Amino acid sequence: FMLTIFLLASVAAAYTLVERYIAATEFTRANAAFAAGNLDEADQAAQNSISFAQNPLAYQVEANVALARLDQIAVSSTMSQTAAQQAYQETLSSGINAALTATTLDPSHYQHWLVLGSLYAQAVPLQVSGAYDSAKTAYEKARALNPTNPQIPYILAQLDIANKDIKAAQDDL
């Protein structure tokens with residue numbers, strides 16, 4: 001009986017280890033593809049990684065892919081305005097969901113909060129209600145987690161400029 005229990009425990013442990021290994025391999029592939037600029041492969045590899053094991057860094061890669069896609073949509077001249085708006089909304093929504101999941105899984109990692117703030121900041125010039133407050137909150141959480149990072153006040157100043165609040169931007173700078 002003990003040997004049977006030991007065998008079942010060994011199989012479960014091996015399954016978990018293989019699952020984690022595949023997730024780590026796919027995450028590495030997602031990072032490499034993102035660094036090379038291959039957004040489709042990066043997104044697919046990040047999704048594969050997440051399907052094997054929930055990793056906040058894989059969700060962060062998905063959010064970064066969404067940010068890059070938002071930039072592509074914004075400068076695209078081949079999409080109709082309606083298609084571009086729809087693609088922008090869908091990409092922004094999926095990116096925010098990925099970043100929120102990353103912050104939920106690992107709320108102590110300031111870069112997750114920066115990515116979330118960046119995604120919300122994309123909606124500030126479009127005057128989406130609540131976008132400025134959500135971006136500011138995310139950036140403030142990042143600042144609280146990494147108070148010596150000089151990039152965060154600069155990002156906050158850019159957010160304030162996008163919100164047409166020059167006084168707050170000057171204070172941040």
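The values are calculated or read from the model by the stated rules, or taken from the named source; none is laboratory data. What you see is a predicted model, and the numbers here were worked out from it, not measured in a lab. Cβ sites come from the backbone with ideal geometry, for glycine too, and all protein chains shown count toward neighbours. Side chains are part of the model used for accessible areas, which takes the heavy atoms of the whole protein and leaves out ligands, DNA and RNA. Shrake-Rupley method; radii C 1.70, N 1.55, O 1.52, S 1.80 Å.
Taking (1) free of Cβ contacts under 8 Å to residues at least 40 places away in the same chain; (2) crowded, with 21+ Cβ neighbours inside 10 Å in turn, Val115 satisfies each apart from (1). In the range 107-173, which helices (runs of 4 or more DSSP H) lie fully inside it and hold 3 or more residues that are hydroxyl-bearing (Ser, Thr, Tyr)? Of the helices (runs of 4 or more DSSP H) lying wholly inside the range 107-173, those with at least 3 residues that are hydroxyl-bearing (Ser, Thr, Tyr) span 110-123, 131-145.
Among the residues of the range 8-46, what is the count of those that are buried (at least 16 other Cβ atoms within 10 Å of the Cβ), within 25 Å of Ser108 (Cβ to Cβ) and of a type outside the set (Gly, Ala, Ser)? The number of residues fulfilling the criteria is 4. Within the range 154-167, residues that are in contact (Cβ under 8 Å) with a residue 24 or more places away in the chain have Cβ atoms under 6 Å from residues that are buried (at least 19 other Cβ atoms within 10 Å of the Cβ) and not in a helix (DSSP H, G or I) in these pairs: Ala162/Val124; Asn163/Val124, counting only partners at least 6 apart in sequence or on another chain.
Results for (1) touching a residue at least 40 places away in the same chain (Cβ under 8 Å); (2) closer than 27 Å to Asp172 by Cα; (3) crowded, with 17+ Cβ neighbours inside 10 Å, shown as yes or no for each residue.
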| position | (1), (2), (3) |
| --- | --- |
| Ser49 | no, no, yes |
| Gln54 | yes, no, no |
| Ala58 | no, no, yes |
| Gln89 | no, no, no |
| Tyr132 | no, yes, yes |
| Lys141 | no, yes, yes |
| Ala144 | no, yes, no |
| Pro150 | no, yes, no |
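For the range 68-82: of the residues being of a type in the set (A, V, I, L, M, F, W, C) and open to solvent by 40 Å² or more (accessible area, probe 1.4 Å), which is farthest from Ala135 (Cα to Cα)? Write out each step before concluding.
Taking the range 68-82 as the starting set, the residues that turn out to be of a type in the set (A, V, I, L, M, F, W, C) are 68, 70, 73-75, 79.
From what's left, open to solvent by 40 Å² or more (accessible area, probe 1.4 Å): 74-75, 79.
Numbers: Ala74: 19, Val75: 23, Met79: 28 Å.
The qualifying residue farthest from Ala135 (Cα to Cα) is Met79.
Checking Asn64, Asn97 one by one, the residue that is of a type in the set (S, T, N, Q) and buried (at least 19 other Cβ atoms within 10 Å of the Cβ) is Asn64 and no other.
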